[in-house]
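Beneath this line is the structure, given in structure tokens, with notes to follow.
The values are calculated or read from the model by the stated rules, or taken from the named source; none is laboratory data. Everything quoted here is computed from the prediction, not taken from an experiment. Quick reminder, even Gly has a Cβ in these numbers, built from the backbone with ideal geometry, and neighbours come from all protein chains shown. Please note that ligands, DNA and RNA were not included when accessible areas were found on the heavy atoms of the full protein model with its side chains. Shrake-Rupley method; radii C 1.70, N 1.55, O 1.52, S 1.80 Å.
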Amino acid sequence: MTSMDPSGGFGAPGPVSDDGFESTPQRLRRTLRTRPAEGPARRFLAQAADMFRGDDYPQSLAEAAAGVQQPVTTGRRIAVVGFRGGAGRTTAAALLARTCASLRADAAAAVDLAEAGTLALRLAAPSAPPLDDIAARLGRTIPGSLAEVRGYVASPGPENLLVTGRRSPAAAQKATDDDVLHLSRVLSRYCPVTVFDCPPGLGPEAVRWALAESHLALFVTPASVAGLDDAARAAELWRGNPALAQVPLLVLLTRTAARSALRPAAEARRLHRAGVETAVLDYDAHLAAGVEIQPRLLSRAARLQAAELSARVLSAASAAPGMPARRAASRQAESGTGRRARV
């Protein structure tokens, strides 16, 4: 069975059964996390076809990788948000953090802000300590080195990837938002890239302060009729809210099924013509399995899209000023109440 004990990490494999055999979840997880998105026959046909036609894939991948490796002078924080569950929000957050850690020499952090989050599982750290436990242990301490920070979080590999577990359930003892905020700033102090995997919606307090602390909002939505409506609503919210408008918005259209009526690339072009910056993540069987993400098991198209998305996110986040939404929210609070409100 799969462990549901927060102390053991959400998604951690349960104990082996009394007869010594694997449980069904253990077997499925072991099988799916090593299964490539493309089978041997498809890879062979693709390689054979490349022998008779020009292939710009290596050059495109190298250019995207160079974009991911661009210098980052100060820590950049990216909030991965969305209106609905099942859109691929955690997949996008894990893929972004994993790609940055793989292609950059410095550290990247992935922070799970959801109570039922599976970010740690997707990053091969199902037993990562819960976010609230880390924040409570850290308190207001500022570690003196990256090695000391690693003592608080999980580092499943590569070594420069730091991962937190999900937030504790509502009924459990939870760290204050200020403690979690301090933790996020400590991680950002040593990690040029910090990714927040936020719970669904824009109303939860964790989502509001994550956006206020971030240099880019990545809004993940499926390439469906409802998903496109969500993208349009998000763009309208960003235009109409002064605090949100200070945070650059990038919409990510995902294809969550192998076959779908709408093509993400075509819909992304339509949104771009409407003034909405949009990226695309197509269906990939390895990503859809819901287990640990291994870049080498992704399809060629998914590897290129992951690198291009990461490069685009870092470029937009690097061009943004430091914590613009927090300053705007503070000014708005001061003008409305005559005192500074906590963000």
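Below, the figures for the structure above:
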{"read-out": "Sequence-distant residues sharing a close amide H with Ala279 (under 5 Å, placed H)", "value": "Val251, Leu252, Leu253"}
{"read-out": "Under the Debye formula (equal points on every Cα, no solvent term), log10 I(q)/I(0) of segment 128-177 at q = 0.14 Å⁻¹", "value": "-0.37"}
{"read-out": "For Arg76, residues with placed amide H under 5 Å, excluding near neighbours", "value": "Val193, Thr194"}
{"read-out": "Per residue, in Å², the accessible surface of segment 110-260 once ligands and nucleic acids are set aside, probe 1.4 Å", "value": "37"}
{"read-out": "Among 128-135, 197-204, the order from most to least packed when residues are scored by Cβ within 10 Å on average", "value": "128-135, 197-204"}
{"read-out": "Segment 204-274 - percent of accessible surface contributed by carbon and sulfur, probe 1.4 Å", "value": "54"}
{"read-out": "Estimated distance in nm for a label pair at Arg233 and Asp178, the labels positioned 7 Å out from Cα along Cα-to-Cβ", "value": "3.4"}
{"read-out": "Apportionment of accessible area to carbon and sulfur, segment 70-184, percent (1.4 Å)", "value": "52"}
{"read-out": "Added length on full extension, which subtracts the Cα-Cα distance from 0.36 nm per residue, Ala288 to His272", "value": "3.1 nm"}
{"read-out": "Diffusion constant of segment 234-293 at 4 °C, which comes from Stokes-Einstein with the Kirkwood Cα-pair radius and 1.567 mPa s, µm²/s", "value": "98"}
{"read-out": "Rg/Rg_globular for segment 154-225, with Rg_globular taken as 2.2 N^0.38 Å and Rg from C-alpha atoms", "value": "1.24"}
{"read-out": "Ordering of 237-245, 140-148 by packing [mean C-beta count within 10 Å, highest first]", "value": "237-245, 140-148"}
{"read-out": "Karplus 3J(HN,Hα) series, Hz, for segment 266-279 with 6.51 cos²θ - 1.76 cosθ + 1.60 (x for Gly, Pro)", "value": "5, 5, 5, 5, 5, 5, 5, 5, 8, x, 10, 5, 9, 10"}
